[in-house]
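Participant: Sharing a structure below in structure tokens format, with a few things to ask.
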Amino acid sequence: QPVLSNKPRKKKKKRKTKKNAAGEILEDNALEDIDSLLEKIEDTNGLLQQTQSGIIADSRPLLYVEHRNLNPENELKRYFGARAVLGDQRPRQRQRQYVRSTWLTAPKNTWPRYSKTGIAMQLLDTRRGVQHFTFEHHREYQQVQFKFLDAVESMDPNNIVLLLQMNPYHVDSLLQLSDVCRMQEDQEMARDLIERALYSLECTFHPVFSLTSGTCRLDYRRPENRAFFLALFKHLMFLEKRGCPRTALEFCKLILSLDPENDPLCVLLMIDFLSLRAREYTFLTRMFQEWESHRNLSQLPNFAFSVPLAYFFLSQQEERPELERGQARERAARLIQLALVMFPSVLTPLLDQCSVQPDARVASHSFFGLNAQISQPPALNQLTSLYVGRTHALWKDPAVMAWLETNVHEVLRMVDAQDPLVEEAEHKRKMRYQSAPRNIYRHVILSEMKEATAALPLEVTSQPVMGFDPLPPLDSIVSYTRPERTHHPSNESTLSLFFRSLLPNFNLQGDVRHDGDEEAGAGQDLNQGVNRLMAAMRDMLANIQFQEPPRDDNPEGDGDWD
């Protein structure tokens, strides 16, 4: 058998030597055609079904994640070709050894060698076919976590760097240092640190934990799980800026599948944008159809405007049947009119961002005027500014603007005719959007959209926000706590502070009383404090030693002087 199996290999080598250039072309073409072949196989397996409305529906779960779409190189190869993306990497990859295969990110040769970090994943329970997991920190990892919190409180990034030198795969340190690098405009290093954090977490996955099934859950209320959510979100942001919206959309679906009910990072506010950028219009319209009944997606400005835009793009695809295009055109017109009636404050900022001047009728009408923006609640202003700042580039297409103009005039006709829909929408705006939930603020902070961060309320901006855990949930499930540090009262005298700088264990006020009779023992505390002060002075004077200057005949004396 070995002899028989070696013969064709030898023939292949001979062919490659004879036609080296042709062989390379064949190899590149084969790499480029992998994705198209997989798509054909999926189509023939009946994964796509035709619905009565004519829109193609996918029989898989909505949040189904494909492994091949988690790799940005596959998307870049579709855009630029395999040779442009891979270059000379292939022979190096063949020589690489002892590297664990992962889906979320590919380990790099420049990374430190991976060893167990002290994180593990446990299966908590299984309910109705949904598996609930959690990350756990072992004792040695908890000690590193305490050192990390000390480093964060020192406000010195060098302390985090030192901690990472000793523990190169400590996840929270990688997240925090990535933010520091990003603020210093070192985007490459910031992205590399996030990928290393994802690799560290994926190496600890439970054998049953699946990225693709959409039935595995993680509770954000547990601090150990938050690092995975945040690393995925920050990786998603880097992918979108890198020009890989399809891969970013897949990571967005993954984050949403981990906790679709609570959506702790509120990725629903950006999944529509990523779908439009990746031209996954069918996915966006399907999500709206399936989730609108129980999640009221139309009450979010981003879905209210992006879904009709997706239907409009579907109606422009000439390869679709005319009946299907007509249905998409009708839905797009109906939904964009409802969106403009419900959220009139979006239009003017959107046109400003697109550098488009509205016509005289729209500019002079009060419905879309300044009053629409001033009268809306602060929470709604947060959502509209976030949407306009993020997606305005998608509306700059002249065909989109012409379609929008037609529907804006239709809405003005409805307003002038005193359509009951207009009054009902105004009532909904006043009753809802009084205050935004905490996950929306968390999303705004992580997204760093200047239009939205400027509208954050004072109770959010006045508190410190840490990159490794922004706005932690108020109902957190804490499994272990940081040991209490020695508390030093703030009303100490200057003399007491001076002696503590010399003698860290010195405490003028002694142990804190817990019996509540401070007034009765005030005089005794004063005497004890004076006695402790005198004892500390005696100890300090007794421990002072003077050294003679080093002599020339004493070569070892240099070792005692700095």
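The values are calculated or read from the model by the stated rules, or taken from the named source; none is laboratory data. It should be emphasised that the depicted structure is a prediction, and the values quoted were computed from it without experimental measurement. Don't worry about glycine lacking a Cβ; one is built from the backbone with ideal geometry, like all the others, and counts go over all protein chains shown. Calculation scope for accessible area: heavy atoms of the full protein, side chains included, ligands and nucleic acids excluded. Shrake-Rupley method; radii C 1.70, N 1.55, O 1.52, S 1.80 Å.
Participant: Restricting to the stretch 407-436, name every residue that is free of Cβ contacts under 8 Å to residues at least 12 places away in the same chain and either assigned to a helix (DSSP H, G or I) or not assigned by the TED database to the domain that holds Ser375 (or both).
Facilitator: Residues satisfying the conditions are Arg413, Asp416, Pro420, Glu423, Glu424, Glu426, His427, Met431.
Participant: While we're on this one: Has the stretch 225-243 got any residue that is farther than 19 Å from Leu198 by Cβ, open to solvent by less than 30 Å² (accessible area, probe 1.4 Å) and assigned by the TED database to the domain that holds Leu175?
Facilitator: Yes: one or more hits.
Participant: Okay, moving on. Restricting to the stretch 309-355, and then to whatever is out of contact with any helix residue (DSSP H, G or I) (no Cβ under 9 Å at 6 or more places or on another chain) and not acidic (Asp, Glu), can you tell me which residue is farthest from Phe368 (Cα to Cα)?
Facilitator: Top of the filtered list is Pro321.
Participant: Another question about this same structure. Is it the case, given these coordinates, that Arg390 is in the same structural domain as Asp272 (by the TED database), surrounded by 12 or more Cβ atoms within 10 Å (Cβ to Cβ) and over 24 Å from Lys450 (Cβ atoms)? Explain how you work it out, then say what you get.
Facilitator: Working: in the same structural domain as Asp272 (by the TED database): yes; surrounded by 12 or more Cβ atoms within 10 Å (Cβ to Cβ): yes; over 24 Å from Lys450 (Cβ atoms): no.
In short, no.
Participant: Looking at the structure I just gave you, is Ala339 open to solvent by 60 Å² or more (accessible area, probe 1.4 Å), of a type in the set (Gly, Ala, Ser) and within 18 Å of Asn407 (Cβ to Cβ)?
Facilitator: In short, no.
Participant: How do the helices (runs of 4 or more DSSP H) wholly within the stretch 312-379 filter down when requiring 2 or more residues that are basic (Lys, Arg): which remain?
Facilitator: In the stretch 312-379, 322-342 are the helices (runs of 4 or more DSSP H) which contain 2 or more residues that are basic (Lys, Arg).
Participant: Would you be able to say whether some residue in the stretch 143-163 is touching a Gly at 6+ places or on another chain (Cβ under 8 Å), at pLDDT 95 or above and within 19 Å of Ser479 (Cβ to Cβ)?
Facilitator: From the stretch 143-163, those touching a Gly at 6+ places or on another chain (Cβ under 8 Å) are 144; that's our starting set.
Narrowing the set further to residues that are at pLDDT 95 or above leaves 144.
In the following step, the residues that additionally are within 19 Å of Ser479 (Cβ to Cβ) were identified as 144.
For the stretch 143-163, residues touching a Gly at 6+ places or on another chain (Cβ under 8 Å), at pLDDT 95 or above and within 19 Å of Ser479 (Cβ to Cβ): present.
Participant: For the stretch 331-378, which positions are in contact (Cβ under 8 Å) with a residue 40 or more places away in the chain and among the acidic types (Asp, Glu)?
Facilitator: Answer for the stretch 331-378, where residues must be in contact (Cβ under 8 Å) with a residue 40 or more places away in the chain and among the acidic types (Asp, Glu): just Asp359.
Participant: State yes or no: is Ser173 among the hydroxyl-bearing types (Ser, Thr, Tyr) and within 21 Å of Tyr220 (Cα to Cα)?
Facilitator: yes
Participant: Tell me yes or no: at least one residue of the stretch 439-452 is touching a residue at least 40 places away in the same chain (Cβ under 8 Å), among the basic types (Lys, Arg) and in a helix (DSSP H, G or I).
Facilitator: Yes: the stretch 439-452 contains one or more residues that are touching a residue at least 40 places away in the same chain (Cβ under 8 Å), among the basic types (Lys, Arg) and in a helix (DSSP H, G or I).
Participant: Looking at Tyr199, Tyr220, which one is modelled with pLDDT of 95 or more and either on the phi > 0 side of the Ramachandran plot or open to solvent by 10 Å² or more (accessible area, probe 1.4 Å) (or both)?
Facilitator: Numbers: Tyr220 fails: either on the phi > 0 side of the Ramachandran plot or open to solvent by 10 Å² or more (accessible area, probe 1.4 Å) (or both).
Testing whether each residue is modelled with pLDDT of 95 or more and either on the phi > 0 side of the Ramachandran plot or open to solvent by 10 Å² or more (accessible area, probe 1.4 Å) (or both) leaves just Tyr199.
Participant: Provide a single number: the residues in the stretch 273-315 that are polar (S, T, N, Q) and open to solvent by 20 Å² or more (accessible area, probe 1.4 Å).
Facilitator: Matching residues across the stretch 273-315 total 6.
Participant: When you scan the stretch 181-195, how many residues do you find that are open to solvent by 30 Å² or more (accessible area, probe 1.4 Å) and either free of Cβ contacts under 8 Å to residues at least 40 places away in the same chain or closer than 13 Å to Tyr169 by Cβ (or both)?
Facilitator: Adding up the residues that qualify gives 7.
Participant: Restricting attention to helices (runs of 4 or more DSSP H) lying wholly within the stretch 144-250, give those where 2 or more residues are polar (S, T, N, Q) and over 28 Å from Glu75 (Cα atoms). Full working, then the answer.
Facilitator: Details: elements: 157-166, 171-183, 187-202, 223-242.
Of the helices (runs of 4 or more DSSP H) lying wholly inside the stretch 144-250, those with at least 2 residues that are polar (S, T, N, Q) and over 28 Å from Glu75 (Cα atoms) span 157-166, 171-183.
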